[in-house]
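Comments concern the structure below.
What follows draws every value from the coordinates through simple rules; no lab data is involved. Note that the structure is a prediction, hence the values are computed from the model and not measured. No Cβ is skipped: glycine too gets one built from the backbone with ideal geometry, and neighbour counts run over all protein chains shown.
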Amino acid sequence: MTKLNELAPREGSTKGRMRVGRGPGSGKGKTAGRGVKGQKARTGVSIAGFEGGQMPLHMRMPKRGFNNIHRKDFAEVNLWRLEQAIAAGKLDIKSAIDADVLIAAGVVRRKKDGLRLLGKGEIKSKINITVYSASASAVAAVEKVGGSVTTTKKEAPAAEA
């Protein structure tokens with residue numbers, strides 16, 4: 001019977017680490033496989049994308065588009081996901097459903113800037129849900145089975161012409 005302190009891999013199954021820079025007899029002595037001199041022969045090289053002083057390609061390409069740093073990031077939930085949670089007994093359709101209830105049930109992970117209800121899939125249960133906003137198809141589907149969707153989004157005032 002083999003003892004724990006006698007365990008070793010099978011003979012020839014493992015290979016030792018290449019010890020570079022340990023003399024000419026090793027086959028990887030002197031420059032240790034790095035060629036000769038220069039920045040790339042040293043440690044800590046960070047010249048990916050550097051083109052020898054020429055304007056790099058990623059800077060020559062034109063900029064396109066716009067990223068709004070103030071945009072809202074919504075947690076999205078589809079109708080099929082709500083129906084799945086109701087069928088699994090995680091959601092009680094008799095009580096009002098909002099973001100906190102959905103987080104507790106494990107339907108969504110976090111609120112982010114608000115919860116958005118989307119109309120993918122179908123819903124068979126009558127629910128009363130409160131969300132930041134909802135798509136027209138989601139509202140229609142929920143109201144079709146006798147439920148209601150309440151949105152907390154404040155509508156922007158119409159611009160006067």
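Structure values in brief
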{"read-out": "Residue in region 86-106 that is out of contact with any Asp or Glu (no Cβ under 7 Å at 6 or more places or on another chain), under 26 Å from H70 (Cα atoms), exposed (fewer than 13 other Cβ atoms within 10 Å of the Cβ) and of a type in the set (A, V, I, L, M) present", "value": "no"}
{"read-out": "Selection status of G49, over 30 Å from R109 (Cβ atoms), out of contact with any Lys or Arg (no Cβ under 8 Å at 6 or more places or on another chain) and not in a loop (DSSP other than H, G, I, E, B)", "value": "no"}
{"read-out": "Condition check for S95: assigned to a loop (DSSP other than H, G, I, E, B) and under 19 Å from K144 (Cβ atoms)", "value": "no"}
{"read-out": "Residues of region 107-150 satisfying the condition of being loosely packed, with under 15 Cβ neighbours inside 10 Å and on the phi > 0 side of the Ramachandran plot", "value": "G121, G146"}
{"read-out": "Pairs where the first residue, in region 1-19, is closer than 26 Å to A32 by Cβ and the second is in a loop (DSSP other than H, G, I, E, B), C-beta under 7 Å, 6+ apart", "value": "M18/K28"}
{"read-out": "Close pairs from region 35-49: first at negative phi and without any contact (Cβ under 8 Å) to a residue 40 or more places away in the chain, partner part of a loop (DSSP other than H, G, I, E, B) and not small (G, A, S), Cβ under 8 Å, at least 6 apart", "value": "Q39/V45; Q39/I47; K40/R34; K40/I47; A41/T31; A41/R34"}
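The rows are residues; the columns are (1) part of a loop (DSSP other than H, G, I, E, B); (2) among the charged types (D, E, K, R); (3) within 30 Å of K154 (Cα to Cα).
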| position | (1), (2), (3) |
| --- | --- |
| T43 | yes, no, no |
| M59 | no, no, no |
| F66 | yes, no, yes |
| I69 | yes, no, yes |
| G89 | yes, no, no |
| V101 | no, no, yes |
| K120 | yes, yes, yes |
